[in-house]
Amino acid sequence: MKFLVLLGCSFFLTGCLFGTSNEIKKSEQIIKRFHCDNIEQQGSANPISSYHQQTLNISKQKSEDYLQQYKDGDRLFNVPLDEVINQQYSIYKDACQSLGGIL
């Protein structure tokens with residue numbers, strides 16, 4: 001009986017480790033797409049462009065920070081990490097397109 005419980009716990013923990021590894025791999029793949037090309041230069045004094053530029057930087061930095069914290073063992077969210085990174089990518093994509101950029 002003890003053997004079965006130990007065996008069950010081992011399978012559960014192994015599954016958790018592979019699930020975590022898979023989330024990290026998916027998140028790393030999403031972060032690789034955070035690259036905005038051909039941004040139109042509309043002048044640095046334009047507050048809207050400034051806002052979108054800051055949004056680009058912040059969403060990418062947040063995603064990298066979340067990934068590193070996840071690798072360090074911190075679980076910040078109740079949803080999978082790759083979903084959180086995908087939400088940040090969506091914000092990044094919108095800001096890039098607002099600046100006339102191409103992903």
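The values are calculated or read from the model by the stated rules, or taken from the named source; none is laboratory data. Owing to the predicted nature of the structure, the values given are computational and were not obtained by experimental measurement. Note that each Cβ is placed from the backbone with ideal geometry, even for glycine, and that neighbours are counted across all protein chains shown.
When Glu64 is tested against (1) at pLDDT below 95; (2) acidic (Asp, Glu); (3) surrounded by 14 or more Cβ atoms within 10 Å (Cβ to Cβ), just one condition goes unmet, and that condition is (1).
State all residues of the stretch 67-103 that are aromatic (Phe, Trp, Tyr) and either over 8 Å from the mean Cα position of the chain (by Cα) or surrounded by fewer than 13 Cβ atoms within 10 Å (Cβ to Cβ) (or both); if no residue qualifies, say none. Outline the logic, then answer.
If we filter the stretch 67-103 for residues that are aromatic (Phe, Trp, Tyr), which is where we start, we get 70, 77, 89, 92.
Within the stretch 67-103, Tyr70, Phe77, Tyr92 meet the criteria.
Residue-by-condition table, conditions (1) closer than 14 Å to Ile30 by Cα; (2) touching a Lys or Arg at 6+ places or on another chain (Cβ under 6 Å); (3) part of a helix (DSSP H, G or I):
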residue	(1), (2), (3)
Thr55	no, no, yes
Ile58	no, no, yes
Leu67	yes, no, yes
Gln88	yes, yes, yes
Lys93	yes, no, yes
